[in-house]
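Colleague: After the C-alpha cells below, expect a handful of questions from me.
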Amino acid sequence: MSRQHVQSMQLKDGIAWTGIHVDDVWKRKVRLLICHAMGAQPGFDLSQYYPRSKIDIIVKRILHMDMDAFFAAVEQKRRPDIIGKPVVIGGSGDPSKRGVVSTASYEARKFGIHSAMPLCTAYKLCPNAVFLPVDYEEYSRISGIIKDALRGITPILEDVGIDEAFLDISDVKGTSEEIASEIKKKVHAATGLTCSIGIAQNKLLAKIASDMKKPDGLTLIDEKDIADCIWPLTVRKLWGVGPKTEAHLKVLQINTIGDLAAQPIEALVEEFGTAYGSFLHSASRGIDDSELVTHWEPKSSSRETTFQTDIDNWQQIAKHLADLSREVSKDLKRSGYKGKTVTIKIRFSDFKTVTRAKTLEHATDVLEEIRKAAFDCLGRVELKGKKVRLIGVRAGNLEKADCAG
Ligand code: TTP
Ligand code: MG
C-alpha cells in the first residue's frame, strides 16, 4: 500500500486502523481485512458495527453518466431519416433567424459546429445540416426515463442536469466495468440512446472521466492516473473553472491542470482568495470530498402542454389552463407543498414567450385558488390575432404544507 495517502482513523471498537484513499483493487481487500480482524463469518454485515459514512470515506466509488449529443440524439432517434446526418438543434430551428446552437450531432461537430455558436455561423460551416428547434418538453421526458433507469442501479443518485447524473456505486455489486455495462444496457433499452461513463473515487474525477472517451465511452480513473491523464488537460476541464478563471489563469501562464497543481497553495490563495484558491489547489490534485446531493427542496411545481396544432380559440386555451391548474394542485398535494406565486407561460407560434405572475396572500394547494390566479394572469396576456403553441402553469414560492398557513 505504499502509494496510498495514509491518515489516522479510529474505528468504533478501538482497533487502530489507517484511513486510506484506496483504488478499486484495494477496496475489497480493505473490507475483508476489517472483517477478518473482527473474526467475522461469511455474510457478516460490517455496516452494523462501523457507520456506513466512515467506511465510505475509505471506499467511495463514484460514477458519472452523461448522454451523448443529447438533444440531437433524441431527434435522430425519433426521425430515423436523419440518423448519420449532421443535425443542429437550436432556437426555432431556422438558421436565418437569431439563436444559438444548443447542441450538434457528432456528424455536425466534424464541421466545427458546437454548443453556444450562433446558428448563422453553424449554417455557414455546414449549409446541408438538418436544423431543428429545441423541443425541451420531449428532452425532459426522456431525461426522466433515463433517471428512472439509473435509480434501478442505486437510489444514491445526484441529478445534475438534463442529461447527466452522479451515482454512488460503492455498495453496488460487480466490477466497475460490469456496472457501467449494465447502465449502458438499461439506458439503451429504455431510450435507444448511448451515454458515456466515468468512474473514479470522487465526483470531480468521475465528471472529467466521463468526457474522455465520447461517444459511448467508459473511463476509469484512480489516483495513480492523475499525473498522466488529468494534468495534461486544460484547466477548463475542472468542474468549477469557467471562462473568467481560465482567462485569469492564462495571464499567470497556467494553462493545464498540471500547471495549476505545480502552484503553491499560498500563491493561489493570494490570487483567488482563501475559498476558491484552496479549491483550485485541491481540485488540481484530484481531491474532492463533496457528497452527492440526493435531495433538493423543490422551488416550484409546474405543468405545461405543447399542442399538436397551434390554437387560437379562447375556450380551448381556457380549458387547457384549467386542466393544468388541476394537475399543479394535485402535484402540490401529493408532494406536501403549497405555493404562494402562480405563474402562467404562453408560447406563441412564432416562439415568443410571455409569462404573467400573481402572488397570493397565503400559500395554497387549493385548485380553485390556483385556477383563479391563473385566469387573472391570462387576462393580462394579449391573445388577439395570435396562435398559441404552449401553455404552462407554475406554483412557486413553495412552503411545506404543514408550515404554510
Ligand atoms: P452536454 O452534455 O454538454 O452536451 P451533449 O450531450 O449535447 O454532447 P456530449 O456528447 O458532448 O455530452 O449538454 C447536454 C444538453 O444540454 C445538450 O444536448 C443541449 C443542452 N445544452 C444547451 O442547450 N446549451 C449549451 O451550451 C450546452 C453545452 C448544452
Ligand atoms: Mg451530454
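The values are calculated or read from the model by the stated rules, or taken from the named source; none is laboratory data. Here the structure is a predicted model, which is why all the values come from computation and not from measurement. Cβ: placed from backbone, ideal geometry, glycine included. Neighbour counts: every protein chain shown.
Colleague: Would you point out the residue of region 159-175, among those that are under 17 Å from residue 211 (Cβ atoms) and surrounded by 13 or more Cβ atoms within 10 Å (Cβ to Cβ), that is farthest from ligand 1 (Cβ to nearest atom)?
Modeller: Among those residues, the one meeting the criterion is 167.
Colleague: Of all residues in region 83-124, count the ones that are away from ligand 2 (no atom under 16 Å from the Cβ), surrounded by fewer than 17 Cβ atoms within 10 Å (Cβ to Cβ) and not in a loop (DSSP other than H, G, I, E, B).
Modeller: Qualifying residue count, region 83-124: 5.
Colleague: Right, another one. Checking residue 402 against (1) modelled with pLDDT under 95; (2) surrounded by 15 or more Cβ atoms within 10 Å (Cβ to Cβ), which single condition isn't satisfied?
Modeller: The failed condition is (2).
Colleague: Output the residues belonging to region 125-146 that are among the small types (Gly, Ala, Ser) and either surrounded by fewer than 17 Cβ atoms within 10 Å (Cβ to Cβ) or in a loop (DSSP other than H, G, I, E, B) (or both).
Modeller: Within region 125-146, 129, 140, 144 qualify.
Colleague: Which pairs turn up if I take residues in region 257-280 that are over 18 Å from residue 226 (Cβ atoms) and look for partners that are outside any helix (DSSP H, G or I) with beta carbon separation below 8 Å, at least 6 apart in sequence or on another chain?
Modeller: Going by the 8 Å Cβ cut-off, the qualifying pairs are 271/252.
Colleague: Among the residues of region 155-210, which ones are closer than 19 Å to residue 142 by Cβ, assigned to a loop (DSSP other than H, G, I, E, B) and either at pLDDT 95 or above or of a type in the set (Gly, Ala, Ser) (or both)?
Modeller: Those that are closer than 19 Å to residue 142 by Cβ, assigned to a loop (DSSP other than H, G, I, E, B) and either at pLDDT 95 or above or of a type in the set (Gly, Ala, Ser) (or both): 163, 192, 193, 194.
Colleague: Looking only at region 65-85, count how many residues are away from ligand 1 (no atom under 11 Å from the Cβ) and under 25 Å from the mean Cα position of the chain (by Cα).
Modeller: Adding up the residues that qualify gives 3.
Colleague: Quick check: is even one residue across region 234-252 exposed (fewer than 14 other Cβ atoms within 10 Å of the Cβ), touching an Asp or Glu at 6+ places or on another chain (Cβ under 8 Å), closer than 19 Å to residue 63 by Cα and modelled with pLDDT of 95 or more?
Modeller: Looking through region 234-252, none of the residues is exposed (fewer than 14 other Cβ atoms within 10 Å of the Cβ), touching an Asp or Glu at 6+ places or on another chain (Cβ under 8 Å), closer than 19 Å to residue 63 by Cα and modelled with pLDDT of 95 or more.
Colleague: Are there any pairs with C-beta distances below 7 angstrom linking a residue in region 121-150 that is within 19 Å of residue 194 (Cβ to Cβ) and assigned by TED's automatic domain parsing to the domain that holds residue 105 to a residue that is among the hydroxyl-bearing types (Ser, Thr, Tyr) and within 16 Å of ligand 2 (Cβ to nearest atom), with the two at least 6 apart or on different chains, and if so which?
Modeller: Pairs that qualify, where the first residue is within 19 Å of residue 194 (Cβ to Cβ) and assigned by TED's automatic domain parsing to the domain that holds residue 105 and the partner is among the hydroxyl-bearing types (Ser, Thr, Tyr) and within 16 Å of ligand 2 (Cβ to nearest atom), are 142/191; 145/191; 146/191.
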